[in-house]
There are 2 protein chains.
Amino acid sequence: MNLEIDTQSNIPAYLQICHQLRDQILQGDIPTGTQLPPERTLASALGVSRSTIVNAYGELKAEGLATGYVGRGTIVETPPTHLGSHPIAWPVHLSALGHRLTQYPHTADLPALRLSGRPDVVSFALGLPDTDLIPPDRLAVAWQAIVERFGPTAINMCPPQGLPAVREAIARRMERRGTTVAPEHIIVVNGSQHGLDLLLRLLVEPGDTILSEVPTYFGALRCFQTWGARIIGVPVDERGMDVARVESLLARYHPKFIYTVPTYQNPTGATMSLERRQRLLALAQQYQVPIVEDDPFSDLYFDDPPPPPIKALDRHGHVLYLSTFSKSLAPGLRVGWLAAARPIVQHAALLNQITELQPNTIGQHLVVEFARRGWLEDQIVQARAAYKERCAAMDATLKRRRAPGLRWTSPTGGMFLWLHLPEAITARELLEESARQGAIFLPGDLMHLSDGHSNTCRLNFSIPDPPAIERGITAMMTALKKLLDRPDETGRTRAMTDTIV
Amino acid sequence: MNLEIDTQSNIPAYLQICHQLRDQILQGDIPTGTQLPPERTLASALGVSRSTIVNAYGELKAEGLATGYVGRGTIVETPPTHLGSHPIAWPVHLSALGHRLTQYPHTADLPALRLSGRPDVVSFALGLPDTDLIPPDRLAVAWQAIVERFGPTAINMCPPQGLPAVREAIARRMERRGTTVAPEHIIVVNGSQHGLDLLLRLLVEPGDTILSEVPTYFGALRCFQTWGARIIGVPVDERGMDVARVESLLARYHPKFIYTVPTYQNPTGATMSLERRQRLLALAQQYQVPIVEDDPFSDLYFDDPPPPPIKALDRHGHVLYLSTFSKSLAPGLRVGWLAAARPIVQHAALLNQITELQPNTIGQHLVVEFARRGWLEDQIVQARAAYKERCAAMDATLKRRRAPGLRWTSPTGGMFLWLHLPEAITARELLEESARQGAIFLPGDLMHLSDGHSNTCRLNFSIPDPPAIERGITAMMTALKKLLDRPDETGRTRAMTDTIV
């Protein structure tokens, strides 16, 4: 086995390794059944990171040229080549965007998260509403009414901008948030993630810069990074984005837009103060830079409503406002929205038509019917009370089981609490041990741009009920104490971290 | 008013004109209430096309700096500028993709199509199933059963690759088409249009080449063009894509993939012979170029089933197969699928997760329930009989009302008949006159890459019933005869065409 990496090449190192291994396997130089070197060994021999080798082996496996399981090594397979034709070497055919897809950390890379759904494991890892709060008969009654009124039209096409009735329901929802927007300025999207993707395509070229709160929603980061955008981070404190730092960044980087989750931020739970909202909007106006305001949580306050959305203050269309029913009602509906200036709505509708034709009609009808019957508001009122109680249970259990060096936020709404671990412990090693004890969550490094933020955790409190929260936090704290108590051998700590990269 | 166009500039001419007009309006050089020159007049004064001026005025209107209605001219508005801040000049902020969105013809540009849905107008313009064939009580019963079985889970999240149950139902559907595909090789997408968009992003860079049948599905052309792909056309005859021409094109252009709708092609209704399917696959294997097989219609045969999908012949994963329940059941479900090699399915699932999180859960549950109860197959069997009868009615009426120089195809399945008009008549002028007589359809130039294919029409027969078809075709033929009978004044013909550009 003979491998060389050309550091001058445009081809990523993992692909170079994959190609060379493939050639040698197909030419019979590496026979079937050969055990390839362990990832770490090959990585240090070639002077690359372990994840480079993991990716190279992964491509070989995808092509059917190797198999491998954790702990058993990677074994060369008989090439699936017969009849004189070869399978396509897909990695070679991927676009730059296709390659970027696997270059960033994803939740799918965390084996511990696969325990989600097991009855003996409490999950703090999701960011969804508790749909068990919805009386199932309401779902049946609402759909029955829709079918009676619309017949098969209920599953037929709708305009690319969305059903007029749902855009009116959305306008009324925004009115409750203190924001007046005409239905013509609203486009229905398949959740706000889809709205983010439409805005990226409309406004950003690969290589362009985006200014974003960091830490922030990891789904937004992955979407920006995969599109090829350069992200400049702005820190977040308990009053939200540190707006004082924004002006110099605008002047220096000329970003295509500013991304913010100003209310009950994902992942920190922080809410941007009214003063900062006003200041950020003034900067956007002065520098003529749009603000993408991602606002999935603002209905979910515990006691007092949050400050109005930045969109409510916007007089000249600088704010591109995203929201969704995925957090207030249910994520499987795929009904979210973008409220924006007409040219953006028109372009987004055209792009939506070209790429997906239209949003799904059924989810829109269900939203309208729930809104019309007052059940949407019911749902939100119930969720506020339930999540407040669950957040309090989480806070109380953390206090009761507290470990030295631990600190966490006190959210006033939303779905997330943000936990800082003692410096010596990484969230990924805690996740591994915690999964063994019966609780999972998301490590905060997913929500950052670079390494070095490894001791934070995002804990969701909207799904588990108070007893489950108490059980899960207790499990996490047991795991944490176990890690704190272990002998201080650097070697051993590294090994544990490595197994979950 | 002083306008200059820099032909060396990267900025499109329409934007240059828009920017200059905007500056002059904002600076007060062009006062509120001014009537801007008619589009044609300004176009010839500046030596640009009329559509350049239409676009420039369109941007001004979008920015609130002008209003205009057909026949009343374009009037300068008071700038919506106050409190010392300006609205964002959105066109300046659009990406290259955003600009390309409006550079190609769209159905939205055809005012006659807005008559769709009027009771006195027969529409041959759509490409959808007749959802009135679905008994509405089945929709209610199916959903009731889903809610009873799954409770609120029915509207909760699903994996980015789609529900396992729907992927199994899809695998069984493909089995009926003679194609064995494992559920792990299937990803659920929001209709096959969405599948096309995912494949474009994964495999194609702006500037790359795609080989495509031409004429072809206009939604695919718009998707490819907007993404920035270069499309090389391969002609279609009554046995489908002219595969004999493909080899030299593969050698010359190294396309990223070959796009084909081999069965009951949109728009011609042609079906690719088995021999051509085999030959095309052999070329794809030889040149290692993927085939994107778009197969929405193959269940909808009138008498004999069509040849098997190319995917059925594919042993090495060269075929990326797209299909959908939008044509066999209902388009508002947004449930389609991509069946492909694992690396592509894995990358598509990751891209789907990053851009939309997941397909909608409700539509998937409905598909599974309809399939489980045998109602999906019922629906397809009914549609075959209905569409066969409607296609025959269209053919018979065309024969009875036939105008000189008219010819059309004889589809054996699907939803479309392809009509060639006498050379002297363009489909767009026929559409205008035909709309006045009470029938609309799609002009074939939308389905071509360049001008000069202006005398073809795509006629849908799946939605109107036989009496409506007879009425609509009679209206079209009345319109055609009126155009054929008119005095041969070139000026007059051009003027009529221009009003619908």
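Values quoted throughout were computed directly from the atomic coordinates according to the rules given, and no laboratory measurement underlies them. On a predicted model such as this, the values are computed, not experimentally measured, just so you know. As a convention, Cβ positions derive from the backbone with ideal geometry for all residues, glycine included, and neighbour counts pool all protein chains shown.
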Calculated log₁₀ intensity ratio I(q)/I(0) where the Debye formula runs over C-alpha points of chain B, q = 0.11 Å⁻¹ = -1.05
task = Mind sorting B:PHE257, B:PHE302, A:PHE461 by how few other Cβ atoms lie within 10 Å of their own Cβ, fewest first?
result = B:PHE302, B:PHE257, A:PHE461
note = Fewest-first ordering of A:LYS481, B:LYS311 by Cβ atoms within 10 Å yields A:LYS481, B:LYS311
ask   = When each copy gets a label point 7 Å from Cα toward the beta-carbon at B:GLN288, what are the spacings between them in nm, shortest first?
value = 4.8
ask   = Is there a simple number for the mean count of other chain Cβ atoms within 10 Å of the Cβ of residues in A:94-101, and what is it?
value = 6
inquiry  = List, shortest first and in nm to one decimal, how far the label point of B:THR41 (7 Å from Cα along Cα→Cβ) is from its counterparts in the other copies.
reply    = 8.4
request  = Multiply the residue separation of A:ASP451 and A:ASP242 by 0.36 nm, subtract the distance between their alpha-carbon atoms, and state the gained length in nm to one decimal.
outcome  = 73.2 nm
task = In vacuum, with every alpha carbon of segment B:118-221 counted as one equal point scatterer, what does the Debye formula give for log10 I(q)/I(0) at q = 0.10, 0.17, 0.22 Å⁻¹? Two decimals, please.
result = -0.51, -1.20, -1.31
³J(HN,Hα), Karplus 6.51/-1.76/1.60, whole Hz, each residue of segment A:45-51, x for Gly, Pro = 4, 8, x, 10, 6, 4, 5
key: Whole-Hz couplings from phi, Karplus 6.51/-1.76/1.60, listed for segment B:267-272; x for Gly and Pro   = x, 7, x, 5, 10, 6
ask   = Once you have the alpha carbon radius of gyration of segment A:136-373, what is it after dividing by 2.2 N^0.38 Å, with N set to its residue count?
value = 1.01
query = Shortest first and in nm to one decimal, what separations exist between B:PRO308 and its copies in the other chains, measuring from label points 7 Å along the Cα-to-beta-carbon line?
reply = 6.4
message = 5 Å is the cut-off here: which amide hydrogens, built 1.01 Å from N in the peptide plane, fall below it relative to B:VAL292, excluding neighbours closer than 5 in sequence?
response = B:ILE258, B:TYR259, B:THR260, B:LEU320
ask   = Between A:VAL214 and residues 5 or more places away or on another chain, which pairs have amide H atoms under 5 Å apart, with H built 1.01 Å from N, and which residues are they?
value = A:VAL234, A:VAL236
message = Students often get this wrong: which residues of segment B:321-342 have the backbone nitrogen under 20 Å from the point 7 angstrom along Cα-to-C-beta of B:GLU377?
response = B:324-330
Residue-span extension gain [B:ARG384 to B:SER273] - 0.36 nm each, minus C-alpha spacing = 37.9 nm
request  = Read phi for every residue in segment B:350-355 and hand back ³J(HN,Hα) as whole Hz from Karplus 6.51 cos²θ - 1.76 cosθ + 1.60, θ = phi - 60°, with x for Gly and Pro.
outcome  = 5, 5, 4, 5, 6, 9
inquiry  = What distance in nm lies between label points placed 7 Å from Cα along the C-beta direction at A:ASP303 and A:ALA396?
reply    = 1.6
ask   = Which aspartates and glutamates have a Cα lying under 15 Å from the Cα of A:LYS481, excluding residues fewer than 8 positions away in the same chain?
value = A:GLU423, A:GLU429, A:GLU432, A:GLU433
message = Cross-link candidates for B:LYS61: which lysines have Cα within less than 28 Å, leaving aside residues fewer than 8 places away along the same chain?
response = A:LYS256, A:LYS311
request  = Rounded to the nearest 0.05, what FRET efficiency do B:GLU168 and A:ARG114 give with R0 = 30 Å and r taken as the Cβ-Cβ distance? Could you check?
outcome  = 0.90
task = Taking the Cβ of each residue in B:SER328, A:SER454, A:SER434, A:SER410 as the centre, tally the other Cβ atoms inside 10 Å and list the residues starting with the fewest.
result = A:SER410, A:SER454, B:SER328, A:SER434
key: Model label zone, A:HIS254; criterion: amide N under 13 Å from point 7 Å along Cα-to-beta-carbon; scope segment B:85-99   = B:93
message = On the Cα set of the protein assembly as shown, report Rg and Dmax in Å, please.
response = 29.3, 99
